[in-house]
Structure formats: structure tokens, C-alpha cells
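Here is the structure we will look at.
What follows is calculated from the coordinates using simple rules that are stated; it is not laboratory data. Here the structure is a predicted model, which means the values were calculated and not measured. All Cβ positions, glycine included, derive from the backbone under ideal geometry; neighbour counts span all protein chains shown.
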Amino acid sequence: QVHVVESGGGLVQAGGSLTLSCAASGGMFSSYSMGWFRQAPGKEREFVAAIRWDGGRTYYADSAKGRFTISRDNGNTVNLQMNSLKGEDAGIYYCAASPPTAGWGKFDARYSYWGQGTRVTVSS
């Protein structure tokens, strides 16, 4: 079983940058695709970005394209670099792991393991 923990959230001014990290343990992390989702107050959780298990492909929500970059290292960490942050980017950001048989992408049902989330606040 994979255990994921997010970090890096905080308060940032609009237009600023923030990097979120997701550390995974347990299981065969290198074979899991990873995704980032977020949930703003009063809204449903939404997809932000995903990276295939081998790092060879990435996929972004339209709201994240051109501003966010998802990456993974050779260890057990997945990062989400967020630039040009806007007020609507605020929320709790969740990291999730998708096992090899579940595929990857924007559908949260494919992700079996979720972290507790890290809060991002964007001030104007």
C-alpha cells in the first residue's frame, strides 16, 4: 500500500509561485502514476495535473496549462510547481497515486491512495 504526504502549501501573493511536494512510501511507487487535485471552499474536488508512472507524459487541466508543472524524481517524490498564481487557485491540494492497472489521467476514481492535503492560500 502506498502512503502519500503532501507539503509545501502556504500563503502566497497573487502572481507569485509555490512548489508543492508529494512524498510517497510503501508499494512500488515507481510503477504508480501520480496526480494532483484541489478543492476550493464550497466546490467539488477538481483535477489539476497528472504524470504517468515513467514520467514520460503529463496531463494538465486547462486552468493549469502554461502555469503549473508536474514532475517526479527518481526517488519517491512528485512536485507541482505553480507559477502566476491566481485567487482561484486557492484551496486544498491533494496528491494521489494510481496503481498500474488503473491507468492515469484526470479521473479521480483511478487513484487509490490519497494524502491529507496541503492548503494553498492566494492573497490579492
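Summary of values
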| quantity | calculated |
| --- | --- |
| In sequence order, calculated HN-Hα J values of segment 70-83 (Karplus, 6.51, -1.76, 1.60; Hz; x Gly/Pro) | 9, 8, 9, 9, 7, x, 10, 10, 10, 10, 10, 8, 10, 10 |
| Segment 41-124: translational diffusion in µm²/s, Stokes-Einstein, Kirkwood Rh over Cα pairs, 10 °C, 1.306 mPa s | 116 µm²/s |
| Part-to-part distance (alpha-carbon centres) for segment 53-114 and segment 23-39, which is given in Å | 9 Å |
| Extension gain from residue 107 to residue 28, taking 0.36 nm per residue of separation minus the Cα-Cα distance | 26.3 nm |
| Extension gain, residue 73 back to residue 54 (0.36 nm per residue minus Cα-Cα distance, nm) | 5.8 nm |
| Neighbourhood net charge (14 Å Cβ-Cβ; Lys/Arg +1, Asp/Glu -1) for residue 86 | 0 |
| Residues of segment 57-86 with amide N under 16 Å of the 7 Å Cα→Cβ point at residue 7 | 73, 75-81 |
